[in-house]
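None of the figures in this text is laboratory data; all of them are computed from the coordinates on show. Note that the structure is a prediction, hence the values are computed from the model and not measured. Positions of Cβ are backbone-derived with ideal geometry, glycine not excepted, and every protein chain shown enters the neighbour counts.
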Amino acid sequence: MTRTAREYMGERAIEALRRPALEEARGLPASLYTSREFFDLEQRRLFPRTWVGIAFDTDVPAPGDAIPLTVCELPVILVRDDSGEVRVLHNVCRHRATMVLERPARGLRTFKCPYHGWVYGTDGSLKATPFWDGTPDSHRCPVDAADNGLVPVRSAVWSHVVFVNLDGRAGPLDVYLAPMTAELDHLDIQGLELGHRLDWRFKANWKLVMENWEVYHHVWVHEGVFDKMSDEVDLDTGEPYTEMIADGNVMILRYKKTRPPPASPPTNGPTLPRVPTRYEKTAPTGVANAVLPNTTVTIGPVAYAPAIYVPIAPDLTEARMAWYFAPGAATGAEFSASREAILDRWLGPTRKFEDGQGIRAQDHRCMELQQAARCSPVANDVKFSATWEANVRYFQDWLVTRIDARLA
Ligand code: FES
Ligand SMILES: [Fe+2]
């Protein structure tokens with residue numbers, strides 16, 4: 001079993017990836033996108049040791065709402081407990097290790113294991129073990145409730161995204177996210193309300209999402225949204241109008257003040273209220289923002305569009321996507337046309353991946369084309385533009401470094 005990325009890739013590929021001059025560097029070998037062995041290595045050595053997005057807090061809007069999820073092939077429960085706190089629990093009964101929650105549920109007071117009826121509170125605490133010792137309340141040989149609740153998964157909510165750290169040993173989430181928090185701190189993102197939610201799957205490796213954190217592809221992939229290269233780069237100097245920032249576990253695309261005004265957001269119906277601010281910030285704010293390894297938190301003037309990318313197989317990824325708007329604008333009928341226009345821009349008028357329209361489907365479709373090409377024997381010569389693609393190499397190096405860090 002491969003234990004490190006270095007062992008899997010070989011010294012030459014590591015050296016090529018890390019060449020100081022970006023144009024001379026070469027990207028990750030193609031098999032890192034196609035092989036089950038490397039996928040398993042990521043699932044063992046990367047995802048459990050970082051903070052990963054798994055869902056949105058609005059997926060469990062009210063106390064007692066719960067959904068079963070799989071994280072790195074482990075069954076967990078996302079639940080909003082009686083007190084309103086969002087928790088993640090291992091979905092494993094403490095009696096004989098049966099899945100306790102099979103399907104999403106609303107307004108539960110307790111979880112009841114389907115095998116022998118052990119009962120847990122929505123916070124995971126053990127409430128009852130009926131007839132464990134032959135008595136209805138197990139008074140002859142009680143099970144110690146303090147030691148036998150559903151085991152919690154370390155979790156935290158940030159900007160509506162539920163993050164987990166499976167091994168419990170990563171640093172605090174606020175440290176992990178620090179550069180992103182600094183970028184977005186002035187915005188009241190947690191106060192935004194859910195307007196739309198959609199999941200779909202596409203046939204590509206999850207890493208291709210993070211490698212898409214560049215604007216070089218915009219005019220070719222996003223016809224109708226980003227149409228002119230003169231909006232992306234100063235044609236006289238060759239200087240992009242976007243700052244491409246990679247810092248710790250985050251990547252940020254931040255438009256410079258010199259960027260020409262972008263095409264105005266769609267304005268059918270009343271203009272949507274802006275994302276509220278907690279205090280004034282005069283410097284530009286990052287628009288397209290990624291938290292490595294699998295979460296993106298894109299924000300514009302009137303909408304917040306986070307997405308969580310769940311690796312399903314080497315060549316299959318699930319996109320969990322949400323759109324949030326200012327309080328009142330997420331559901332108000334008077335804003336319906338404006339909301340729809342925003343969603344058209346992201347998802348196309350049909351909201352279907354297979355129709356290939358809208359920013360998300362256009363990106364994910366292009367990732368499918370990359371995935372298909374990575375099966376070729378001539379796909380091991382990936383190059384980076386020093387003008388546009390430093391972030392891509394940054395992510396690839398981050399991946400290798402993180403997988404190989406902290407080996408036992
Ligand atoms: S396995 Fe859950 S009660 Fe027996
Ligand atoms: Fe894109």
Inset, instruction - Report, ordered by chain and residue number, the lysines lying within cross-link reach of residue 127, taken as a straight Cα distance under 29 Å and ignoring same-chain residues fewer than 8 apart. - result: 112
Inset, instruction - Select from 92, 166, 252 the residue farthest towards the positive end of the dipole of the chain; place +1 on Cβ of Lys and Arg, -1 on Cβ of Asp and Glu, and compute about the Cα centre. - result: 92
Inset, instruction - Describe numerically, in nm with one decimal, the distance between label points set 7 Å from Cα along Cα→Cβ at residue 229 and at residue 217. - result: 1.8 nm
Legend entry - 20 Å Cα-Cα reach of residue 383 towards aspartates and glutamates, excluding residues that sit fewer than 8 places from it in its own chain: 11, 15, 23, 24, 211, 214, 239, 363, 368, 397
Legend entry - Under 15 Å, Cβ to Cβ, from residue 392 - net charge with Lys/Arg +1 and Asp/Glu -1: -1
Legend entry - Whole-angstrom gap from the stretch 84-149 to the stretch 3-42, using each part's C-alpha centre: 45 Å
Legend entry - CD proxy at 222 nm, helix term only [per DSSP H run n ≥ 4: -39500 (n - 2.57); per residue of the chain; nearest 500]: -5500 deg cm²/dmol
Legend entry - Kyte-Doolittle mean at least -0.5 and Cα axial length at least 20 Å: DSSP H helices in the chain: 390-404
Legend entry - Net charge of Cβ neighbours under 14 Å - reference residue 362; Lys, Arg +1; Asp, Glu -1: -2
Inset, instruction - Fewest Cβ neighbours within 10 Å first, please rank 186, 116, 364 accordingly. - result: 116, 186, 364
Inset, instruction - Quick one: of 228/256; 228/281; 256/281; 203/352, which pairs are farther than 24 Å apart, Cα to Cα? - result: 228/281
Inset, instruction - Positive end of the charge dipole of the chain (Lys, Arg +1 and Asp, Glu -1 on Cβ, about the Cα centre): tell me which of 209, 21, 219 has its Cα farthest that way. - result: 209
Legend entry - Given charges at Cβ of Lys, Arg, Asp, Glu: the stretch 103-146 dipole, positive-most of 130, 115, 143: 115
Inset, instruction - Collect residues whose amide H, placed 1.01 Å from N in the peptide plane, falls under 5 Å from the amide H of residue 128; neighbours closer than 5 in sequence don't count. - result: 119
Inset, instruction - State, as an integer percentage, the relative contact order of the chain based on alpha-carbon contacts under 8 Å between residues 6 or more apart. - result: 20 percent
Inset, instruction - Can you grab the distance from the C-alpha centre of the stretch 163-204 to the C-alpha centre of the stretch 325-366, Å, no decimals? - result: 20 Å
Inset, instruction - Note down the net charge around residue 2, summing +1 for each Lys or Arg and -1 for each Asp or Glu among other residues with Cβ under 9 Å from its Cβ. - result: -2
